[in-house]
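First comes the structure, then the notes that go with it.
Please treat every number below as a calculation from the coordinates, not as lab data. Computed from a predicted model, the values in this text were never measured in an experiment. Cβ atoms come from the backbone with ideal geometry, glycine included; neighbour counts cover every protein chain shown.
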Amino acid sequence: MKAMIVPVTAFAQNCSLLWCEETMQGAVVDPGGDLADIQAAAERKGVKIVKILLTHGHIDHAGGTAALKKNLGVPVEGPHEADAFLLEALPESARGYGFPACEAFTPDRWLKDGDTVTFGNVTLEVLHCPGHTPGHVVFFNAKEKVAVVGDVLFQGSVGRTDFPRGNTKDLIASIRGKLWPLGDDVVFVPGHGPLSSFGDERKTNPYVRDGVA
């Protein structure tokens, strides 16, 4: 699997383009906006986008999804159904945050813990990691030891839990119970900011490092 980040929206959200090297089929994770940039990146790499994947339903991650689905005629998979209220509220969220107008939508497939998603010869494991939002999911490629974690974890920080239905206890449990067991050598792509590894965050992250209650 190959990957590249396409920063989108005024929030500098890390939209990810993932693809299979053998088939050049790929998936876009969290197309929050700036669809022309996303599609141009895929064209430069020679990637055929066959799927849209969502980690959660916030506007900067999901705002461009309905339009991209229409542009490409591809299915949307994710997040967990507990984020349905956020996807339904996308038009209102766009107005509230000054984003371009967008449509509410229902994914072609809701995801749950233990599911897998595929494109080309690539398989990603799905981990339900609530806390930032109740339906947040993480995508993990065991072969490459890469995880796309959305807004669960960042370099030196963790996701906010002051949004509707956020929960700090659930967030910490998701990180320690779902992400850390994947291995210290796993590199993760956060929803914003630079990449890091689970091992580095276990050592240095002030919110979830080992030894912090």
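Observations on the structure shown:
- DSSP bridge pairs, the chain: antiparallel proportion in percent, nearest 5: 70 percent
- Loop sites in the stretch 2-45: GluC sites (Glu not before Pro), DSSP, at most 13 other Cβ within 10 Å: E21, E22
- Over the stretch 1-132, relative contact order from alpha-carbon pairs under 8 Å, at least 6 apart, %: 21 percent
- Pairwise FRET efficiency - K145 versus D37, Cβ, R0 = 35 Å, nearest 0.05: 0.80
- Centroid-to-centroid separation of the stretch 69-142 and the stretch 1-46 [C-alpha atoms, Å]: 15 Å
- The helix-only estimate of mean residue ellipticity at 222 nm for the chain, built from DSSP H runs of length n ≥ 4 each weighted as -39500 (n - 2.57), is -6000 deg cm²/dmol after division by the residue total.
- In plain terms, the residue of K51, K2, K69, K143 with the fewest other Cβ atoms within 10 Å comes first and the most crowded comes last, giving K143, K2, K69, K51.
- Using C-alpha pairs under 8 Å with a sequence gap of at least 6, the mean separation divided by the residue count of the stretch 58-213 gives a relative contact order of 16 percent.
- Difference of contour (0.36 nm per residue) and Cα-Cα distance, E88 to R176: 28.7 nm
- Overall shape: oblate for the stretch 17-134, with the ratio a/c of the largest to smallest alpha carbon gyration tensor axis at 1.5 or above and b/c at least equal to a/b.
- Sorting S16, S93, S197 by the number of Cβ atoms found within 10 Å of their own Cβ, with the fewest placed first, yields S197, S93, S16.
- Sorted fewest first by neighbouring Cβ atoms within 10 angstrom, V186, V212 come out as V212, V186.
- Cβ-derived FRET efficiency at R0 30 Å, R44 paired with E103, nearest 0.05: 0.65
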